[in-house]
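Notes for the one structure printed next.
The values are calculated or read from the model by the stated rules, or taken from the named source; none is laboratory data. Bear in mind that the values here come from a model prediction, so they are computed numbers and not experimental data. We place every Cβ from the backbone using ideal geometry, glycine too, and count neighbours over all the protein chains shown. Protein only, heavy atoms only, side chains kept; ligands, DNA and RNA dropped before computing areas. Shrake-Rupley method; radii C 1.70, N 1.55, O 1.52, S 1.80 Å.
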Amino acid sequence: MSEKDNYGLFIKEYGKALPALRAFLRQLLPTWHDVDEVLQETSIVLWKKFDQFEQGTSFSAWASMIARFEVLKYRRKKSRDRHVFSDETLAILAEECLDMEEKLAEQRQTLKACFAKLEEKQRILLIQSYSRDLTIKELAKNEGKTPGSLYKVLDRLRVKLMKCIKDNGALAHG
């Protein structure tokens, strides 16, 4: 594989994993500043070691493992700070975060599948109701409904999604 292909694959995988990686780091570090510092170092290490990544495995899990080591390294640098977790506590938190991320990823996939089962008009209505562009009052007016009736429609759609998610087992473990 050429370096250009390797770079493209890295960017694709890194882009998909970045939100989960950021969330993982935020659970292990006290501030967003710390997250940014460790994420930057982690990104450099990920790129340098990308040739060691086994395609077909989880990039996110691999990146999280490297991030965990970068957190330990960062902590050693800041060890004089009294707000730093012990190595044992950090190890427990990291394992919990990884377990939680797997469950959340499963739930997101199930939600996505259930959302796709809704009619297009229902999906658009849900998206619009959660966007910051329109208030419920404005959205109700656009739909030719009262705000109260729109809330009832949205509530039925949320219940429908929740039932679909439960029926598909994504919340059975959580």
Run Pro30 past the list (1) in a helix (DSSP H, G or I); (2) touching a residue at least 12 places away in the same chain (Cβ under 8 Å) and report the number of the one that doesn't hold.
-> (1)
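For every residue, the table says whether it meets (1) within 30 Å of Lys163 (Cβ to Cβ); (2) modelled with pLDDT of 90 or more; (3) more than 13 Å from the chain's Cα centre (by Cα).
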{"residue": "Asp87", "(1), (2), (3)": "no, no, yes"}
{"residue": "Lys103", "(1), (2), (3)": "yes, no, no"}
{"residue": "Glu106", "(1), (2), (3)": "yes, no, no"}
{"residue": "Phe115", "(1), (2), (3)": "yes, yes, yes"}
Kindly provide the set of residues from region 132-167 that are under 29 Å from Glu106 (Cα atoms) and either in contact with a Lys or Arg (Cβ under 6 Å, 6 or more places away or on another chain) or not basic (Lys, Arg) (or both), ordered by number.
-> Tyr151, Val153, Leu154, Asp155, Leu157, Val159, Leu161, Met162, Cys164, Ile165, Asp167
Can you tell me which residue among Leu25, Leu46 is surrounded by 15 or more Cβ atoms within 10 Å (Cβ to Cβ), out of contact with any Phe, Trp or Tyr (no Cβ under 9 Å at 6 or more places or on another chain) and over 30 Å from Asp167 (Cα atoms)?
-> Leu25
Within region 44-71, can you find the residues that are at pLDDT 90 or above and among the acidic types (Asp, Glu)?
-> Glu70
Counting only residues in region 54-79 that are of a type in the set (Lys, Arg) and open to solvent by less than 80 Å² (accessible area, probe 1.4 Å), the one farthest from Leu28 (Cα to Cα) is identified as Lys78
Just for helices (runs of 4 or more DSSP H) wholly inside region 84-174: which have at least 1 residues that are loosely packed, with under 12 Cβ neighbours inside 10 Å and among the hydroxyl-bearing types (Ser, Thr, Tyr)?
-> 87-117, 120-130
Failed condition for Ser60, given (1) touching a helix residue (DSSP H, G or I) at 6+ places or on another chain (Cβ under 9 Å); (2) among the hydroxyl-bearing types (Ser, Thr, Tyr); (3) over 19 Å from Ile92 (Cα atoms), with all others met?
-> (3)
